[in-house]
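This report concerns only the one structure given below.
What follows is calculated from the coordinates using simple rules that are stated; it is not laboratory data. What you see is a predicted model; the values in this text were computed from it and never measured. With ideal geometry, Cβ positions are generated from the backbone for all residues, glycine too; neighbour counts draw on all protein chains shown.
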Amino acid sequence: MQLKIGHISEGIAGHDGQALGVIKSLSDSGIDLNVIPINVAWKLHSLRSVLRFFSRKLSKYPNSFTTKLILCCYKFSKPDAIDIFISSGANLAPLNLSLAKIYGSKNIHLSSVRDWSVADFTAYITTKKISSLKNNLSPDIVPNLFDPDKCEKAGKDFLFQNQLQNKSFALLVMGGDGIGYSYKREEWQAMIKNFAEYCALNNSLPLFITSRRTPKEIEEEINQNYDTSFSVLFHSEQKRGSFSHLLYIAEHIFVTEDSSTMLSEVISSGKKAISIYPANIAAPIKYKEIIEKYENLRFIERCNIGEIHISQHNQEKNIKDRVSVSLKEFNNSLLELLSKK
């Protein structure tokens, strides 16, 4: 039997990555899925703040009248019959619960709670438990599109195709300013310099992954000073390229701490991440809790920019087994909720 999944999206990459990670989890369990994108915008962009406030307040009292009013706040094409609605990000929760009630469907959402109730969702996924209800899931790893087996297959294929089996690599995954983290130009330069020194000391070839938030001039410096043949650079490629293979071939992975998505992707590869942080951090408490959670689970080790080159990796680097167990536990919990009538 095929399930129709309505993926509600407002086009935010980080949110979409989490929702698609949940869809991947369902697909990995052997369920036949037909994923239908539902692209959403506010009905009137100029009134988005009013519509956001209005939809959130209405979501506190979902009924046949308020759910129709909530739908009027958004602009989207109504789908045919949907079995499960999935979304991520607070803006989409009111729409998700309204569509689920109107269609008589199950629903999954990822975000912190505002005015709505966790009870109005089949599964409500948060970084840490916020409700005693069983449908509030708090997976060890933020859902994403990666897993150890996927990365291993891509990495082994890449090594074979390029005859690199005898080479050693280290990887630097770079984000940028965001979620209370900010980097000075000299910090970016020190990060790259210290990473290159680390590679030299450990006889490893440097690999780089940049993102939309990485300053263009910093990426240009990397292009000018290093061999980037096997790196994945956002501004050069004008897109977020495929990099699951790099997460496997790199023996050591450094990742800037400003993105829970990037951290989760590295962790999901089955490798412990060395999370790099700048001097200036003003992250919200909820984000700090994610970092603390990953550190307590021994999924990451934290390192400031000035100590990259002297980092020691004495503890376990391969966390594949523990990651696989965490992913399986989340999958089982999700399937249990969805199986209920």
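By the scheme Lys and Arg +1, Asp and Glu -1, what is the net charge of all other residues having a beta-carbon under 12 Å from that of ILE84? All intermediate terms of the calculation are to be shown ahead of the outcome.
Values: positive: LYS4, LYS106; negative: ASP83.
With Lys, Arg at +1 and Asp, Glu at -1, the neighbours total +1.
Magnitude of the Cβ-charge dipole of segment 148-323, K/R +1 and D/E -1, about the Cα centre, nearest 20 debye?
In total the dipole reaches around 440 debye.
If you average the C-alpha positions of segment 105-134 and of segment 275-306 separately, how far apart do those two centres end up, in angstrom?
A separation of 25 Å, based on Cα centres.
At a threshold of 8 angstrom on Cα-Cα distance, excluding pairs fewer than six apart, so keeping six or more, what relative contact order does segment 247-341 reach in percent?
Reported as a whole number, the value is 28 percent.
Positive end of the charge dipole of the chain (Lys, Arg +1 and Asp, Glu -1 on Cβ, about the Cα centre): tell me which of SER311, ASN91, ASN162 has its Cα farthest that way.
ASN91
Could you give me the percent of Cα pairs per 10 Å distance bin for segment 1-152, shortest bin first, beginning at zero and ending with the bin that holds the maximum distance?
Taking every Cα pair in segment 1-152, the percentages come to 11, 42, 35, 10, 1, 0.
Could you order peptides 170-176, 184-190 by the average number of other Cβ atoms within 10 Å of their residues, highest first? All intermediate terms of the calculation are to be shown ahead of the outcome.
Values: 170-176: 24.9, 184-190: 14.6.
The packing order, highest mean first, is 170-176, 184-190.
Thinking of the chain as a set of Cα atoms, what percent of all their pairs are more than 26 Å apart?
Summing the P(r) of the chain above 26 Å gives 52 percent of all pairs.
Can you list the residues, at least 5 places off or on another chain, whose amide H is less than 5 Å from the amide H of ASN107, using H built in the peptide plane?
Amide H neighbours of ASN107: PHE85, THR122, ALA123.
Assigning unit charges at the beta carbon (Lys, Arg +1; Asp, Glu -1) and nothing else, what dipole magnitude in debye, to the nearest 20, does the chain show about its Cα centre?
Around 1600 debye, computed over the chain.
How big is the gap, in Å, between the Cα center of segment 136-210 and the Cα center of segment 34-85?
One Cα centre to the other: 38 Å.
Looking only at segment 148-323, where both bridge partners belong to it, what percent of the DSSP beta bridges are antiparallel (to the nearest 5)?
15 percent
Antiparallel DSSP bridges in the chain: what percent, to the nearest 5? Don't jump to the answer; show the numbers that get you there.
On the way: 6 of 47 bridges.
Once the DSSP bridges in the chain are tallied, antiparallel ones form about 15 percent.
Would you work out the charge dipole size for segment 2-138 about its Cα centre, treating the Cβ of every Lys and Arg as +1 and the Cβ of every Asp and Glu as -1, and quote it to the nearest 20 debye? Before the final figure, lay out each step's value.
Numbers: 17 positive and 8 negative charges, 117 e Å.
Around 560 debye, computed over segment 2-138.
Under the 0.36 nm per residue contour assumption, what length would be gained going from the current alpha-carbon distance of ASP28 and LYS216 to full extension?
Gain in length upon complete extension: 64.0 nm.
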